[in-house]
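First comes the structure, then the notes that go with it.
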Amino acid sequence: MENSPGEAHCLPLGVVNILDLSEDLDALTKSEAVIELASQLEPLPATVSRLMALDANACDLADVAGAIRMDPVLTLKMLRTANSAFSASSMPVSTVDEAVMRLGLGLIISMALAVSVGKTMSTVVPAYGLAAGQLWRHSAAAAIAADFLVRLAPNTVPPATITAALLHDVGKLIVAQSTSADEMGFVRRAHEEAGLSLFEAETEVLEMNHAEVGYIVAQHWGLPERICRAIMYHHDPGQWDDRMGDAVHLANLAACAVEAAENGEPFVEKPAREVIDRLGLRDFDFEKFCAKCVRRFTELRALYGA
């Protein structure tokens, strides 16, 4: 994760000055601390592991339902969701099998993960200026956007994209724990004074970023490599030619738009044209897509009080 020697001369002057102030950071020690913190995370529950092992294209729905029945909390949540306005259906369901048919494996795995990691991701993350629940709400909004893309994109987007979108910012929890207040101060200065994005500032000042750390966390949890990579490249999908990466990138931007709408603020960042093209979204209207995500997110919050 370290930058190569001589890289700093290509950076804006403000960043070079800030890096001079923070040159005492030990990147190797920090990397070891990140891996150690990630290894201390609780393993995923057995239900989630069983669901992740199923092939979304070939699995028997009875196998999915069987895994879910082992988890009463997930069963209740699934039935409640399948019978809500969120599922956009007026026909009630009363069995796990019917709920599985209605919701699809991608959304079900995302819900199973939500049950297990939702509390952890709802904590305050002061290093990023995130209040209690803010990181989780952003993650949930990204999962909603990904679910739409799985269903709507002409070029196939795998259901596992929803899982990657839900977890795309999980690395922030570990970065926050392994980084001092002074170090995050250097990151903010690089962002505010040198005009870098927060993601770019993380990378230059800390010699790591939350996307790379998210990859480490996802690997620790034994998630498929494609999900791990989608998390790692969610800010820079051009570095990885895969539609899952494109979809997670787009879902992240949509989640930012949802947050902006909630706060009554404008949101101007749009996905690159090549991302839209790779997903096959002709005549794609990002603003209308985000408005659709806002409505669905509002329904979700009303359902679960998130």
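The values are calculated or read from the model by the stated rules, or taken from the named source; none is laboratory data. These numbers were taken from a predicted model, which means no experiment stands behind them. All Cβ positions, even for glycine, are placed from backbone atoms using ideal geometry, and neighbour counts span all protein chains on display. Note: areas computed on protein heavy atoms with side chains; ligands, DNA, RNA excluded. Shrake-Rupley method; radii C 1.70, N 1.55, O 1.52, S 1.80 Å.
Screening the stretch 20-73 for residues that are among the hydroxyl-bearing types (Ser, Thr, Tyr) and open to solvent by less than 40 Å² (accessible area, probe 1.4 Å) and picking the one that is modelled with the highest pLDDT gives 47.
Regarding residue 211, is this residue closer than 30 Å to residue 33 by Cβ, touching a residue at least 60 places away in the same chain (Cβ under 8 Å), touching a Gly at 6+ places or on another chain (Cβ under 9 Å) and not hydroxyl-bearing (Ser, Thr, Tyr)? No.
Residues in the stretch 156-167: is at least one more than 27 Å from residue 54 (Cβ to Cβ), in contact (Cβ under 8 Å) with a residue 60 or more places away in the chain and open to solvent by less than 10 Å² (accessible area, probe 1.4 Å)? No: zero hits.
May I ask you to verify whether residue 273 is open to solvent by 10 Å² or more (accessible area, probe 1.4 Å), closer than 23 Å to residue 43 by Cα and not hydrophobic (A, V, I, L, M, F, W, C)?
On the way: open to solvent by 10 Å² or more (accessible area, probe 1.4 Å): yes; closer than 23 Å to residue 43 by Cα: no; not hydrophobic (A, V, I, L, M, F, W, C): yes.
No: the conditions fail for residue 273.
The single condition among (1) in contact (Cβ under 8 Å) with a residue 40 or more places away in the chain; (2) within 24 Å of residue 121 (Cβ to Cβ); (3) among the charged types (D, E, K, R) that residue 269 does not satisfy is (1).
Contact map, the stretch 287-306: residues that are at pLDDT 75 or above and charged (D, E, K, R) paired with residues that are surrounded by fewer than 16 Cβ atoms within 10 Å (Cβ to Cβ) and part of a helix (DSSP H, G or I), Cβ distance under 7 Å, separation 6+ or inter-chain. Pairs shown: 299/85. Looking at the stretch 164-181, can you tell me whether even one residue there is of a type outside the set (Ser, Thr, Tyr), over 22 Å from residue 232 (Cβ atoms) and touching a helix residue (DSSP H, G or I) at 6+ places or on another chain (Cβ under 9 Å)? Yes, some residue in the stretch 164-181 is of a type outside the set (Ser, Thr, Tyr), over 22 Å from residue 232 (Cβ atoms) and touching a helix residue (DSSP H, G or I) at 6+ places or on another chain (Cβ under 9 Å).
Close Cβ contacts (under 8 Å, 6 or more residues apart or on different chains) running from residues in the stretch 94-116 that are over 13 Å from residue 69 (Cβ atoms) and at pLDDT 85 or above to residues that are in a helix (DSSP H, G or I) and polar (S, T, N, Q) comprise 102/87; 103/81; 103/87.
Evaluation of residue 173 against the conditions (1) at pLDDT 90 or above; (2) open to solvent by less than 10 Å² (accessible area, probe 1.4 Å); (3) not aromatic (Phe, Trp, Tyr) shows that the sole unmet condition is (2). Return the residue satisfying two criteria in turn: it lies in the stretch 182-195 and is over 20 Å from residue 31 (Cβ atoms) and small (Gly, Ala, Ser), and of such residues it is surrounded by the most Cβ atoms within 10 Å (Cβ to Cβ). Once the filter is applied, the top-ranked residue is 194. The residues of the stretch 250-261 that are open to solvent by 20 Å² or more (accessible area, probe 1.4 Å) and without any contact (Cβ under 8 Å) to a residue 40 or more places away in the chain amount to a single one, 261. Of the residues examined, residue 142 is one that is under 14 Å from the mean Cα position of the chain (by Cα), surrounded by 22 or more Cβ atoms within 10 Å (Cβ to Cβ) and assigned to a helix (DSSP H, G or I).
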